[in-house]
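First the structure, in the form of structure tokens, and then the observations on it.
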Amino acid sequence: MMWRWLTMAALLALTGISQVLAQAGAYPNKPIRWVVPFAPGGGTDVIARPVAQKLSERLGQSILYENRGGGGGVIAGEIVARANPDGYTLLVAAVAVMTVNVSLMPKMPFDPVKDFAPITKFATVPNMLAARSAFPVRTVQDVVEYAKANPGKLTWAVSGIGSAGHLAMELFRLNTGIKAVQVTYKGAGPATVALLSNEADLLFANPGVFMPHIKSGRLRAIAVASLKRISILPDVATLNESGFPGFENGSWYGLAAPAGTPRSIIEFVHAETVKVLNHPDILSQFALDGAQPVGNTPQAFARDIRDDIAKWAKVIKDANIKM
């Protein structure tokens with residue numbers, strides 16, 4: 001009797017384990033939705049789209065890539081924060097939505113720390129200052145001199161309040177004392193179109209956003225907001241060497257799930273995404289866009305988010321940035 005009972009208990013235990021494994025192995029068994037906090041064509045797309053495509057191939061499931069620009073990423077963030085935490089709705093996390101808005105908005109519809117489970121950071125990218133080709137400036141000093149000689153005439157596009165490009169512009173303004181007419185768009189894509197159509201003079205955004213237009217001569221690279229020059233544009237000076245020592249600003253992009261998503265799913269998506277980030281095609285694409293791959297752990301990504309919230313809170317206070 002005891003032998004028979006032990007056998008039955010063992011079979012039940014094995015059955016339970018098999019069911020758990022089967023459930024774990026079933027993810028993903030339908031398309032996964034990636035909600036993107038900015039309009040198409042911006043720096044987020046440049047980094048995230050290739051990753052989504054490769055990850056879709058690895059998982060054997062479609063990744064539904066949904067651009068929901070507006071509100072500095074709040075619209076997209078709220079969608080994911082309120083989504084079912086089953087791993088099928090994820091947020092393409094970016095600086096504004098995860099670290100900046102909490103210091104800009106008196107009432108956020110979500111908490112970027114409590115309402116999300118970070119998965120991994122895709123990459124970091126330095127920002128670049130670019131101008132429309134007909135704008136009569138070629139260096140950072142030219143920009144400063146033009147702004148001071150033509151008060152109220154310099155038009156500066158920003159890819160959303162609180163975006164990395166917006167913060168770069170504010171840091172530049174604080175360092176130079178210049179004034180500019182700020183025009184806000186729903187992302188770097190629409191803001192770039194504004195430069196191309198001569199609606200705006202300048203824009204800080206990722207190099208990948210500008211590269212096709214720089215090559216065609218429709219936009220001009222002025223400076224890079226990194227401490228060292230980037231390999232894709234070695235002739236373009238940094239702000240650091242253009243009279244603004246230590247000036248550094250950029251963006252990062254990653255993936256986050258709603259809080260409460262099972263740890264097994266977080267770890268699975270993390271592992272698969274890191275494999276994608278190490279794929280030669282992705283590494284080549286990132287290099288062309290001036291991006292550095294990261295692929296950190298969920299725990300490290302969570303620490304980065306908390307650290308950046310504190311960092312940008314100080315900048316926002318000092319620059320008196322308001323929505």
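The values are calculated or read from the model by the stated rules, or taken from the named source; none is laboratory data. Quick caveat, the model's predicted, so the values are computed rather than measured. Cβ placement follows ideal geometry from the backbone for every residue including glycine, while neighbour counts extend to all protein chains displayed. Ligands, DNA and RNA are stripped out before the accessible areas are found, and what is left, the full protein with its side chains, is counted by its heavy atoms. Shrake-Rupley method; radii C 1.70, N 1.55, O 1.52, S 1.80 Å.
Output the residues belonging to the range 193-205 that are farther than 18 Å from residue 140 by Cβ and either of a type in the set (A, V, I, L, M) or modelled with pLDDT under 95 (or both).
Let us first name the residues in the range 193-205 that are farther than 18 Å from residue 140 by Cβ, namely 193-194, 196-199.
Selection gives 193, 194, 196.
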Taking the conditions exactly as written (in contact (Cβ under 8 Å) with a residue 60 or more places away in the chain and either farther than 30 Å from residue 320 by Cβ or open to solvent by 30 Å² or more (accessible area, probe 1.4 Å) (or both)), does residue 31 satisfy them or not? no
Being open to solvent by 10 Å² or more (accessible area, probe 1.4 Å), in contact with a strand residue (DSSP E or B) (Cβ under 9 Å, 6 or more places away or on another chain) and at pLDDT below 95 is the requirement here; does residue 163 meet it? no
Is there any pair with a first residue in the range 95-109 that is without any contact (Cβ under 8 Å) to a residue 24 or more places away in the chain and of a type in the set (Phe, Trp, Tyr) and a second that is surrounded by 24 or more Cβ atoms within 10 Å (Cβ to Cβ) and not in a helix (DSSP H, G or I) whose Cβ atoms are under 6 Å apart and which are 6 or more apart or on different chains, and what are they? none
Would you mention how many residues in the range 53-73 are among the aliphatic types (A, V, I, L, M), surrounded by 22 or more Cβ atoms within 10 Å (Cβ to Cβ) and either at pLDDT below 95 or under 27 Å from residue 185 (Cα atoms) (or both)? 0
Pick out the one residue from 191, 205 that is within 21 Å of the chain's Cα centre (by Cα), of a type outside the set (Asp, Glu) and either closer than 21 Å to residue 122 by Cβ or open to solvent by 10 Å² or more (accessible area, probe 1.4 Å) (or both). 205
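Residue check: is residue 297 under 21 Å from the mean Cα position of the chain (by Cα), among the β-branched types (Val, Ile, Thr), over 18 Å from residue 56 (Cβ atoms) and modelled with pLDDT of 95 or more? Give the steps one after another, and end with the answer.
Values: under 21 Å from the mean Cα position of the chain (by Cα): yes; among the β-branched types (Val, Ile, Thr): yes; over 18 Å from residue 56 (Cβ atoms): yes; modelled with pLDDT of 95 or more: yes.
Considered against the rule, which asks whether it is under 21 Å from the mean Cα position of the chain (by Cα), among the β-branched types (Val, Ile, Thr), over 18 Å from residue 56 (Cβ atoms) and modelled with pLDDT of 95 or more, residue 297 comes out as yes.
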Residue 136 meets each of (1) assigned to a loop (DSSP other than H, G, I, E, B); (2) surrounded by 24 or more Cβ atoms within 10 Å (Cβ to Cβ) with one exception, condition (2)
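Of the residues 240, 206, which is within 30 Å of residue 89 (Cβ to Cβ) and of a type in the set (S, T, N, Q)?
Working: 240 fails: within 30 Å of residue 89 (Cβ to Cβ).
None of the other options fit; the residue is 206.
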For the range 43-98, enumerate the residues that are of a type in the set (Val, Ile, Thr) and within 18 Å of residue 208 (Cα to Cα). 44, 46, 47, 51, 92, 95
Which one is modelled with the lowest pLDDT, of the residues in the range 139-160 that are open to solvent by 10 Å² or more (accessible area, probe 1.4 Å) and assigned to a loop (DSSP other than H, G, I, E, B)? 159
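Mind checking whether some residue in the range 225-248 is among the β-branched types (Val, Ile, Thr) and at pLDDT below 95? Quick ask: steps written out before the conclusion?
First, pick out the residues of the range 225-248 that are among the β-branched types (Val, Ile, Thr): 230, 232, 236, 238.
The next check asks that each one be at pLDDT below 95; those that pass are 230, 232.
Checking the range 225-248: at least one residue is among the β-branched types (Val, Ile, Thr) and at pLDDT below 95.
Taking residue 305 as the residue in question, decide whether it is open to solvent by 30 Å² or more (accessible area, probe 1.4 Å), touching a residue at least 60 places away in the same chain (Cβ under 8 Å) and within 16 Å of the chain's Cα centre (by Cα). Before the answer, list the steps.
Values: open to solvent by 30 Å² or more (accessible area, probe 1.4 Å): no; touching a residue at least 60 places away in the same chain (Cβ under 8 Å): yes; within 16 Å of the chain's Cα centre (by Cα): yes.
When the stated conditions are applied, residue 305 does not pass them.
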For the range 74-88, what are the residues that are open to solvent by 10 Å² or more (accessible area, probe 1.4 Å) and over 14 Å from residue 187 (Cβ atoms)? 78, 79, 81, 82, 83, 84, 85, 86, 88
Quickly run through the range 239-293 and pick out the residues that are buried (at least 20 other Cβ atoms within 10 Å of the Cβ), among the hydroxyl-bearing types (Ser, Thr, Tyr) and part of a helix (DSSP H, G or I). 273
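Suppose we filter 214, 222, 232 for residues that are closer than 24 Å to residue 133 by Cβ, open to solvent by 30 Å² or more (accessible area, probe 1.4 Å), touching a residue at least 40 places away in the same chain (Cβ under 8 Å) and not in a loop (DSSP other than H, G, I, E, B); which single one remains? Break it down stepwise before answering.
Details: 222 fails: open to solvent by 30 Å² or more (accessible area, probe 1.4 Å); 232 fails: not in a loop (DSSP other than H, G, I, E, B).
The match here is 214.
Consider residue 273 carefully, then state whether it is over 20 Å from the mean Cα position of the chain (by Cα), polar (S, T, N, Q), under 17 Å from residue 120 (Cβ atoms) and modelled with pLDDT of 95 or more.
Numbers: over 20 Å from the mean Cα position of the chain (by Cα): no; polar (S, T, N, Q): yes; under 17 Å from residue 120 (Cβ atoms): yes; modelled with pLDDT of 95 or more: yes.
Criteria not met by residue 273.
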Among the residues in the range 256-267, are any at pLDDT below 95 and either closer than 30 Å to residue 59 by Cα or of a type in the set (S, T, N, Q) (or both)? no
